[in-house]
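Working notes for the structure below.
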Protein chains: 2
Amino acid sequence: MTQKNGPVEKVIPDIVIHRLPVYLRALDLMARQGKRITSSQELGERLGISSAQIRKDLSHFGEFGKQGTGYDVEYLRDQLRRILKVDRVWPMAVVGAGDLGHALANYKGFANRGFQVVAVFDADPAKIGQRIGGLVIESMDVLTERIAELGIRIGIIAVPAEAAQDVANRLIEGGVRAILNYAPITLSVPEGVRVEYIDPVLALQSMTYYLEPNEVETVVGS
Amino acid sequence: MTQKNGPVEKVIPDIVIHRLPVYLRALDLMARQGKRITSSQELGERLGISSAQIRKDLSHFGEFGKQGTGYDVEYLRDQLRRILKVDRVWPMAVVGAGDLGHALANYKGFANRGFQVVAVFDADPAKIGQRIGGLVIESMDVLTERIAELGIRIGIIAVPAEAAQDVANRLIEGGVRAILNYAPITLSVPEGVRVEYIDPVLALQSMTYYLEPNEVETVVGS
DNA sequence: TAGATTGTTAATCGATTAACAATC
DNA sequence: TAGATTGTTAATCGATTAACAATC
């Protein structure tokens, strides 16, 4: 079927989307430091990114600066918050109440950046009913219904690798459409569900490639 | 100055280096599942990567497969471990003994993937001397000398953003050349020092861009 | 006005993909 | 042998950078 060329919805490269939060984080810091104006060059120097790239990235969304002057820090910050839809608070569920789950549920860095953990789940009966911060740990058995009930769209997986795919399935069934996965495994999810991965080992292994081994390395032994 | 064309040290794209640990992780899993042979196509399907890309990536380092058959899982895994220099155990220091520091010091996922936390530091006098797993929390005051003493090349920063740059400086002074930074701030480091960043909020914010807001969003209020 | 910096275009650079000869 | 899959080349695709007119 042939279509007339309607107004083409321009798709913005995913890699650009991934840089916007970095810009936002820097602008947040500048605003806290009382800085009122910045430029693509200054921002670029702070972040190790070229000024051209910053201007190009922003140009996908509109015009936010003023020639000869630069960008109003608070204005650009607010625009990025709007674009990224973090000009609100997204409720999130954390699954897994181990060390990592605790760290996530208590993490102060979510506040003011658009997120709040509102539910924590674990499979261990001994943990259910215990408190983390202000939250009561709930059973995995009620995960799907509770996610639906609370209208939660974002889930954080902090369970062992073996359990991660099952947790993902349940989250999605409850209505989750964005998953932050700390389990060291690639998840299989349906179209329309996004997954971001955090595996410190992957980050570390990409650095050891470049590291010069030194003499005192511990040898793998038995 | 003009040079004769000597044997050119081919630089492998950083983005390729970042995919190798993902391949290694998948091969580890396959090996544990008892799989002996795989192909670029199978690996690609599991990871959501094209088979051509996998073959191209591997070709930077040599020939590891057999036409008509594919790759021996354990052999390719071992080769990737060697290339990434995780065919040994790298001692690491964790700085910051909060929730996150605890989670990192206790994390079971480092073992068998090339890493071991051998020292934990914190600035809080109340925490110094306490134990996390088998480790005693040490003072930030001795960080630099202890890093040097232990020959540590990798540091993990799990302190608040305000302290992160100072911690990075001290780690580097002690001899650290690779930093995994959990603090939500871009670090400034000298040439030759690598930094990888883990900020869950950045990952989350790049997903909310694509999320459809629903009706029940909590509104930012006072 | 002179100086500075944006937004945008065009050129460059680099990464991904398609295709296939080689060969197990 | 027939079928399958690698390693590699060339083509395509996409992202980054350089440059500059517009303009504050």
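Within the range A:140-167, track down each residue that is within 16 Å of the chain's Cα centre (by Cα) and under 21 Å from A:Asp199 (Cβ atoms). Within the range A:140-167, A:Ile154, A:Gly155, A:Ile156, A:Ile157, A:Ala158 meet the criteria. Here A:Lys66 meets each of (1) surrounded by fewer than 18 Cβ atoms within 10 Å (Cβ to Cβ); (2) in contact with a Ser or Thr (Cβ under 7 Å, 6 or more places away or on another chain) with one exception, condition (2). Under the condition of being more than 7 Å from DNA strand C (Cβ to nearest atom) and either closer than 24 Å to B:Val11 by Cβ or in contact with a helix residue (DSSP H, G or I) (Cβ under 8 Å, 6 or more places away or on another chain) (or both), the residues counted in the range B:55-72 number 11. Criterion first (assigned by TED's automatic domain parsing to the domain that holds B:Lys127, more than 9 Å from DNA strand D (Cβ to nearest atom) and of a type outside the set (A, V, I, L, M, F, W, C)) does B:Gly98 satisfy it? So B:Gly98 passes the test.
Listed here are the residues, each with its yes/no results for (1) more than 10 Å from DNA strand D (Cβ to nearest atom); (2) open to solvent by less than 20 Å² (accessible area, probe 1.4 Å).
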{"residue": "B:Thr38", "(1), (2)": "no, yes"}
{"residue": "B:Ile54", "(1), (2)": "no, yes"}
{"residue": "B:Asp78", "(1), (2)": "yes, no"}
{"residue": "B:Ala105", "(1), (2)": "yes, no"}
{"residue": "B:Phe110", "(1), (2)": "yes, yes"}
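Taking the range A:41-52 as the range and being in contact with a Gly (Cβ under 8 Å, 6 or more places away or on another chain), within 12 Å of DNA strand D (Cβ to nearest atom) and over 18 Å from A:Pro13 (Cβ atoms) as the test, only A:Ser51 passes. All conditions in (1) touching a helix residue (DSSP H, G or I) at 6+ places or on another chain (Cβ under 8 Å); (2) open to solvent by less than 20 Å² (accessible area, probe 1.4 Å) hold for A:Gly101, with the sole exception of (1). Among the residues making up the range A:112-145, those that are open to solvent by 30 Å² or more (accessible area, probe 1.4 Å) and either outside the structural domain of A:Ala183 (by TED's automatic domain parsing) or small (Gly, Ala, Ser) (or both) are A:Ala123, A:Ala126, A:Gly129, A:Gly133, A:Gly134.
Here A:Tyr210 fulfils each of the conditions (1) under 21 Å from the mean Cα position of the chain (by Cα); (2) aromatic (Phe, Trp, Tyr); (3) facing chain B (nearest Cβ under 7 Å) apart from (1).
Meeting the requirement of 1 or more residues that are at pLDDT 95 or above and over 30 Å from B:Val117 (Cβ atoms), the strands (runs of 3 or more DSSP E) wholly within the range A:134-222 are A:135-139, A:178-181, A:194-197. For the range B:27-43, the criterion of being touching a residue at least 12 places away in the same chain (Cβ under 8 Å), farther than 29 Å from B:Ile179 by Cβ, of a type in the set (Ser, Thr, Tyr) and in contact with a helix residue (DSSP H, G or I) (Cβ under 6 Å, 6 or more places away or on another chain) is satisfied by at least one residue.
The values are calculated or read from the model by the stated rules, or taken from the named source; none is laboratory data. Small disclaimer: the values here were computed from a predicted structure and weren't measured. Glycine also receives a Cβ, built like all others from the backbone with ideal geometry; neighbour counts cover every protein chain displayed. All accessible areas refer to the heavy atoms of the entire protein, side chains included, with ligands and DNA or RNA removed. Shrake-Rupley method; radii C 1.70, N 1.55, O 1.52, S 1.80 Å.
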